[in-house]
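S.K.: Supplied in structure tokens, the structure appears directly below.
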Amino acid sequence: MARTIAKDHDAKRGQILKSAARVFATEGFDRASMAQLARECGISKANIYHYYGSKDAILFDILDSHLSDLRDRIRGADLDGLSAEDKLRKIVSVILLAYQGADDEHKVQIGGMSSLPEDQQSRLRGYQRDMVQHLGQIVQATAPKVFAGDKTRLRAVTMSIFGMLNWYYMWNSGAGPQAREDYAALVSDLTLNGVRGL
């Protein structure tokens, strides 16, 4: 008879992923053990294996969940009826607010993604490409003449925005929604005023 799935199965998996992200971010993926992960989760090592067959499977699920959720939030932002500049302001704010509470996942993404097999990395990079493409289209609309036929310049500006946002956690860890909104406005102002000078 097949084992039934507990009612709180998804919640426990989510708890494992959050706790594992904290361990991987602190210890590094290579140094972390399944025993450490089980202790951090407050469950037995045997129980953690009930949910995940390996440390690599946990790493992939952390990053797959994190990046697909980010992609969906960014691409799903309601921008209807906004001017090009206001679309940029809104999407920059959405990105930074989506990062809130995900500092550990962000560190794991930077330091652990290369530990995964190429096919899994490719899937994760697909989420990243979707986000870059979406933001790039919004940036391009703010100054069509500046970016006309110049994909290199558009990509540089787009990646510069992500660079400013992605490293926010390094020097402002634990920032709340208002601080994030303020910084998002600053990044938008820097971008819009900088693009006008290109």
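No lab work stands behind these numbers, since they all come straight from the coordinates. Computed from a predicted model, the values in this text were never measured in an experiment. Positions of Cβ are generated from backbone atoms using ideal geometry, with glycine treated the same way; all protein chains shown enter the neighbour counts.
S.K.: Could you please find all residues in the stretch 129-171 being of a type in the set (S, T, N, Q) and in contact with a Phe, Trp or Tyr (Cβ under 9 Å, 6 or more places away or on another chain)? Don't jump to the end; show me each part of the working.
M.R.: Pass one, the stretch 129-171, residues of a type in the set (S, T, N, Q): 133, 137, 140, 142, 152, 158, 160, 166.
Correct list: Q140, N166.
S.K.: Further question on the same structure: Based on what the data block shows, is V139 crowded, with 18+ Cβ neighbours inside 10 Å and not in a loop (DSSP other than H, G, I, E, B)?
M.R.: Details: crowded, with 18+ Cβ neighbours inside 10 Å: yes; not in a loop (DSSP other than H, G, I, E, B): yes.
It is true that V139 is crowded, with 18+ Cβ neighbours inside 10 Å and not in a loop (DSSP other than H, G, I, E, B).
S.K.: Also, quick follow-up: Please give the number of the condition D64 fails out of (1) touching a helix residue (DSSP H, G or I) at 6+ places or on another chain (Cβ under 6 Å); (2) part of a helix (DSSP H, G or I).
M.R.: So the condition that D64 fails would be (1).
S.K.: Confirm whether V132 is in contact with a Ser or Thr (Cβ under 9 Å, 6 or more places away or on another chain) and among the β-branched types (V, I, T).
M.R.: yes
S.K.: Among the hydroxyl-bearing types (S, T, Y) and touching a residue at least 60 places away in the same chain (Cβ under 8 Å), is that true of S115? Break it down stepwise before answering.
M.R.: Working: among the hydroxyl-bearing types (S, T, Y): yes; touching a residue at least 60 places away in the same chain (Cβ under 8 Å): yes.
In short, yes.
S.K.: Which of the residues belonging to the stretch 37-49 are part of a helix (DSSP H, G or I), more than 24 Å from the chain's Cα centre (by Cα) and without any contact (Cβ under 8 Å) to a residue 24 or more places away in the chain?
M.R.: Residues satisfying the conditions are A38, R39, K45, A46, N47, Y49.
S.K.: Got a number for residues in the stretch 147-186 being aromatic (F, W, Y), loosely packed, with under 15 Cβ neighbours inside 10 Å and assigned to a helix (DSSP H, G or I)? It would help to see each step written out before you state the result.
M.R.: Residues of the stretch 147-186 that are aromatic (F, W, Y), as a first pass: 147, 162, 167-169, 171, 183.
From what's left, loosely packed, with under 15 Cβ neighbours inside 10 Å: 167, 171.
Within this subset, residues satisfying the condition of being assigned to a helix (DSSP H, G or I) are 171.
Residues in the stretch 147-186 being aromatic (F, W, Y), loosely packed, with under 15 Cβ neighbours inside 10 Å and assigned to a helix (DSSP H, G or I): 1 in total.
S.K.: Out of the residues in the stretch 54-76 meeting the condition of being more than 11 Å from L124 (Cα to Cα) and surrounded by fewer than 16 Cβ atoms within 10 Å (Cβ to Cβ), tell me which one is farthest from the chain's Cα centre (by Cα).
M.R.: S54
S.K.: What do you reckon, is I91 over 21 Å from M170 (Cβ atoms), of a type in the set (A, V, I, L, M, F, W, C) and not in a helix (DSSP H, G or I)?
M.R.: No.
S.K.: Could you count how many residues in the stretch 136-191 are touching a helix residue (DSSP H, G or I) at 6+ places or on another chain (Cβ under 6 Å), among the aromatic types (F, W, Y) and free of Cβ contacts under 8 Å to residues at least 24 places away in the same chain?
M.R.: Matching residues across the stretch 136-191 total 1.
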